[in-house]
Amino acid sequence: MTLQLGEKHFSSAQPESTVRRIVTFKVGDRTFGIDVGMVREIKGWQTTTPLPHAAPHVRGVLNLRGVILAVYDLRTSIGLGQTEATATHVIVVVDIEDKVAGLLVDSVSDIVDVPVSAVRPAPDLERDEHGLIEGLVLLDTDIVALLDLGAVIRDGGVDPATMAKTARAN
Amino acid sequence: MDPLAELKQTFFQECEELLGALELKLQALDEGSTDSEDVNAAFRAIHSIKGGAGAFGCTELVSFAHVFEASLDHLRSGRVALEDAPFALFLRCSDAVADLVSAARNDEPARPRPDLLAALEQVGQAPKPAAAPVPAAAPAPPAAPAPAAAASDAPPGIAALGNLLAMVEAKTAAPAEKADAGWDDEPAAPKAAPVAAAPAKAGHDICLKIRPESDLFRRVIEPRVVLGSLPVDDIVSVTCDLSQVPSLETLDVSDCYMRFTVMLRTELSVEEIYSRFDFTLAAEEFEIETVAANAANDDAPAPAVAPPAATAASPEVSANVAADLSAIPARLGPATDAAPQPDIAPKPVAVAPAPVPVAAAPVEAAPAARMPARAPANDAAAARQRQAVSVRVDLDRIDKLMNLVGEIVITQSMLVECVRSLPYDIYAKTAEGILTLSRQTRELQDHVMAVRAQPVKAVFQRMPRLVRELAQTLGKEVRLVLEGENTEVDKTIIEELADPLTHMIRNSMDHGLETPDERIAAGKPPEGVIKLVAEHRAGRIVISVTDDGRGIGRDRLLAKARSRGLVGQDEKLAPEEIDQLIFAAGLSTAEVISDVSGRGVGMDVVRRNVESLGGRISVDSEPGRGCKFTLALPLTLAVLEGMVIRCGDDRYVIPIASVIETQHLASTPIEHLTFGQEVLRWRGEVTPLHRLGAVMGSTGTRNENIIIIAETERGDNVGIAVDEIVGQQQVVVKSLEGNYGTVNGASAATILGDGLVALILDVDSMLRLAASSGRSPVPALKMAG
């Protein structure tokens with residue numbers, strides 16, 4: 001199951017400077033978002049090949065029509081342990097810097113337009129020491145954390161000590 | 001990129017090829033080739049460079065190339081005998097042209113080479129100084145003022161250009177002179193004088209016939225530009241001959257069918273007009289006649305009119321060649337029947353008789369005889385034909401094609417896997433089809449690879465110059481022998497070959513070969529020989545650099561290695577092991593660090609470069625006799641033959657090239673050393689054993705009862721324990737760096753038949769990984785060996 005997204009489907013009626021179009025997805029009960037322009041496609045979970053001695057949040061590599069890309073487990077990145085991936089899990093394929101990467105999440109929720117003015121800077125959270133969150137958006141019911149994808153991919157994942165702490169906090 | 005810049009880029013690319021060809025031909029001639037094709041090819045190369053350079057306004061390049069071309073023309077015409085020709089000078093000139101090209105390419109100021117230009121001008125003048133002290137000026141009086149005028153206000157190159165233009169003009173401008181003037185250094189035939197004198201008079205009438213080749217437009221030249229180069233006020237009339245325009249059905253709009261006749265009343269001399277066209281039109285495409293001379297020439301217009309026929313048959317033959325052709329049989333006399341172009345040859349012969357007795361000086365007969373008249377025309381035609389059947393393709397497109405073939409290989413192995421689960425009756429039928437498909441896929445792959453393949457000539461060509469320059473710097477006498485230049489290898493490999501080869505040759509020149517005195521003292525000929533050989537062997541390309549120098553100085557190398565702590569003070573090494581130290585980092589045995597080498601980075605870098613390409617390098621040395629470096633590289637980086645293995649839940653591919661043997665663990669006694677290091681006895685040697693699952697962190701349960709004996713790049717053996725050997729297949733190499741980064745233990749990845757990714761193991765990197773994850777890095781090996 002592959003859903004192709006492209007600018008042509010969502011050509012913005014409003015000037016881009018005032019509105020950000022955001023894809024939101026869930027990991028557990030948390031909602032995250034990234035700009036729609038970064039998303040190349042969304043596909044169902046597919047078995048990855050693990051890489052030796054890679055950072056914990058690197059799930060491995062997979063073949064996307066002949067291109068090999070790495071899949072990062074967002075759940076691990078935010079300190080919730082590894083995703084037990086099933087067919088219902090989703091890989092968001094994103095363009096980040098000059099690379100293509102996959103982001104393993106639980107599900108994709110929506111595409112929303114958010115006024116730029118509604119994006120708040122991320123509060124100086126003690127636990128977000130990796131700077132994964134670029135900003136916050138309040139929707140009706142959810143708080144959407146906008147991800148800094150570069151940081152997600154660069155980040156070596158959360159080390160076990162922090163993970164344990166986070167687990168306790170939860 | 002704007003179109004002009006793109007064209008310019010193409011021109012520079014072509015220049016490189018042309019320079020390569022030029023150098024190769026000159027080299028061949030220098031080594032005693034008497035093949036006139038070589039002369040012609042060299043001439044054509046420099047002529048093409050000049051033409052292109054003119055179009056892009058590279059004036060320095062044009063003027064140098066022009067002089068160079070003119071002196072090569074002396075050889076071509078036989079005015080200078082091949083054995084007398086200064087090929088060393090020509091080779092230096094071809095280097096200079098290469099410098100000019102790269103200067104033009106980088107928009108840098110070009111270094112003027114007055115010394116070479118002066119030397120070039122001497123070519124063709126030297127042989128008979130007594131008979132004709134100022135040969136260029138001798139045949140036609142007006143030729144003298146031209147160079148003089150040019151010399152007064154121009155650099156030496158331009159002066160030489162003027163001088164040569166005068167000669168060329170003398171040859172081509174006035175038809176009657178063709179057969180005699182400009183050929184040799186003999187005084188002109190009497191009737192040439194009034195003809196040639198005409199241009200000197202002010203306001204003379206000139207009839208200009210322009211017969212562009214049909215590819216004029218494709219050379220990005222249009223008649224407007226050609227005619228625009230004439231002073232407007234001087235043009236009396238322009239007539240356009242449209243008789244060549246074909247009927248509409250066969251008309252190709254990109255062809256030029258127009259012929260122009262321009263009447264001029266001008267003060268410009270013929271050579272000035274000539275020079276205005278020199279960059280837009282080939283010599284055979286136009287003809288300048290002074291009208292006054294026409295009357296005198298009416299009985300002998302043949303050579304001038306002949307070219308259309310000649311151009312139709314072999315478009316690249318210049319008017320000069322036509323004249324050459326005509327003159328050669330004339331000189332050889334009736335005995336020869338070598339002229340294959342009766343439509344060209346007989347006509348000039350009719351004109352020629354008068355000068356022949358004078359021209360056929362004994363000196364000239366020899367070179368003329370050596371150059372079969374057939375060659376220039378046929379060679380040119382053949383060259384044009386070759387051009388017609390080859391196309392320039394963007395490498396990107398071929399890469400895409402290659403990728404697609406890779407996809408097909410994957411899809412096909414996927415099919416193979418699907419078919420296995422089919423019931424037997426369907427399976428049998430399908431399997432047959434799949435078998436055919438796989439054969440075709442492999443064939444397709446071979447063909448695409450062949451498209452990407454290039455002869456190693458592209459790299460080898462750069463080496464003679466390197467050797468020449470180094471020989472000069474080092475004061476050594478060296479002959480470079482190239483073999484197997486046509487061995488083909490993937491383009492990606494070709495690009496990576498240049499650096500290692502340069503290093504290897506530098507190394508041989510600097511360390512290997514002795515100075516002439518030392519060589520004589522050692523009872524060897526003063527001239528050293530370096531052989532550069534390429535050949536295909538066992539699916540790899542093997543390139544060797546052999547020198548007949550002093551060989552590796554083992555004592556010094558070992559002492560150096562000891563002082564650097566690379567080898568223990570009392571460690572004993574076999575002679576071959578000492579030789580291998582030459583690849584160790586930071587070792588140089590040269591007493592004096594020179595510009596050439598001696599910093600100890602060379603061979604170390606070579607080894608790393610080669611290994612990063614999946615190749616290996618070795619050295620054989622015989623003290624006093626020489627040294628041989630052998631480089632083995634895969635033919636392509638895109639596909640490799642691999643063994644698919646399984647360990648736990650994960651599959652890996654190990655390149656077949658690394659695998660020596662596989663065996664069951666049960667048949668091999670394992671012994672445990674300290675720190676969990678296991679070794680096994682294999683062929684009487686102690687070989688370290690690594691468990692792949694542990695090293696690569698494979699998931700799932702493992703039994704590891706298969707051992708693969710693999711070879712490291714250093715030539716050591718290592719055992720790798722895995723669960724299962726799944727099969728052997730061609731795999732398409734996919735980069736991991738592109739979207740991820742370097743993966744320790746793996747060189748790349750591939751996609752298996754089920755669409756999943758498998759890592760391609762890199763044995764050396766895997767061993768490093770094993771060493772870094774707390775295991776002892778094979779300490780027992782050396783003692784055991």
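The values are calculated or read from the model by the stated rules, or taken from the named source; none is laboratory data. Owing to the predicted nature of the structure, the values given are computational and were not obtained by experimental measurement. Positions of Cβ are backbone-derived with ideal geometry, glycine not excepted, and every protein chain shown enters the neighbour counts.
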Which one of B:SER621, B:SER612, B:SER667 is free of Cβ contacts under 8 Å to residues at least 12 places away in the same chain and farther than 24 Å from B:VAL733 by Cβ?
B:SER667
Failed condition for A:THR49, given (1) more than 9 Å from chain B (Cβ to nearest Cβ); (2) touching a strand residue (DSSP E or B) at 6+ places or on another chain (Cβ under 6 Å)
(1)
Only one of (1) among the aliphatic types (A, V, I, L, M); (2) within 13 Å of chain B (Cβ to nearest Cβ); (3) surrounded by fewer than 23 Cβ atoms within 10 Å (Cβ to Cβ); (4) more than 20 Å from B:ASN744 (Cβ to Cβ) does not apply to A:VAL94, and that is (3)
Hey, any hits in segment B:758-773 for a residue that's away from chain A (no Cβ under 11 Å) and more than 41 Å from the chain's Cα centre (by Cα)?
yes
Since B:THR742 meets every condition but one in (1) within 26 Å of B:ARG607 (Cβ to Cβ); (2) within 14 Å of chain A (Cβ to nearest Cβ); (3) in contact with a helix residue (DSSP H, G or I) (Cβ under 8 Å, 6 or more places away or on another chain), which condition does it not meet?
(3)
Residues (under 40 Å from the mean Cα position of the chain (by Cα) and either in a strand (DSSP E or B) or free of Cβ contacts under 8 Å to residues at least 24 places away in the same chain (or both)) located in segment B:638-660
B:VAL639, B:LEU640, B:GLU641, B:GLY642, B:MET643, B:VAL644, B:TYR652, B:VAL653, B:ILE654, B:PRO655, B:VAL659, B:ILE660
Hey, does segment B:87-101 have a residue that's touching a Gly at 6+ places or on another chain (Cβ under 8 Å) and within 18 Å of B:GLN27 (Cα to Cα)?
no
Residue list for segment B:655-694, restricted to those being touching a Pro at 6+ places or on another chain (Cβ under 6 Å) and closer than 17 Å to B:ARG768 by Cα:
B:VAL679
Filter result for B:ASP723 (farther than 22 Å from B:GLU611 by Cα, more than 12 Å from chain A (Cβ to nearest Cβ) and either modelled with pLDDT under 85 or surrounded by 15 or more Cβ atoms within 10 Å (Cβ to Cβ) (or both)):
yes
Residues that are within 19 Å of the chain's Cα centre (by Cα) and more than 25 Å from B:ARG556 (Cα to Cα): find the helices (runs of 4 or more DSSP H) completely inside segment B:446-542 holding 1 or more of those.
B:457-460, B:462-474, B:491-507
Only residues that are among the basic types (Lys, Arg) and under 38 Å from the mean Cα position of the chain (by Cα): list them for segment B:222-275, please.
B:ARG224, B:ARG259
Give B:VAL695, B:VAL731, B:VAL718, B:VAL653 a once-over and let me know the one that is out of contact with any Gly (no Cβ under 7 Å at 6 or more places or on another chain) and either modelled with pLDDT of 85 or more or within 14 Å of another protein chain (Cβ to nearest Cβ) (or both).
B:VAL718
Failed condition for B:GLN472, given (1) among the polar types (S, T, N, Q); (2) free of Cβ contacts under 8 Å to residues at least 40 places away in the same chain; (3) farther than 30 Å from B:ARG92 by Cα, with all others met?
(3)
Of the conditions (1) under 23 Å from the mean Cα position of the chain (by Cα); (2) modelled with pLDDT of 80 or more; (3) over 24 Å from B:LEU281 (Cα atoms), B:ALA119 fails just one. Which one is it?
(1)
Please verify whether segment B:386-403 includes one or more residues that are more than 14 Å from chain A (Cβ to nearest Cβ) and in contact with a strand residue (DSSP E or B) (Cβ under 7 Å, 6 or more places away or on another chain).
no
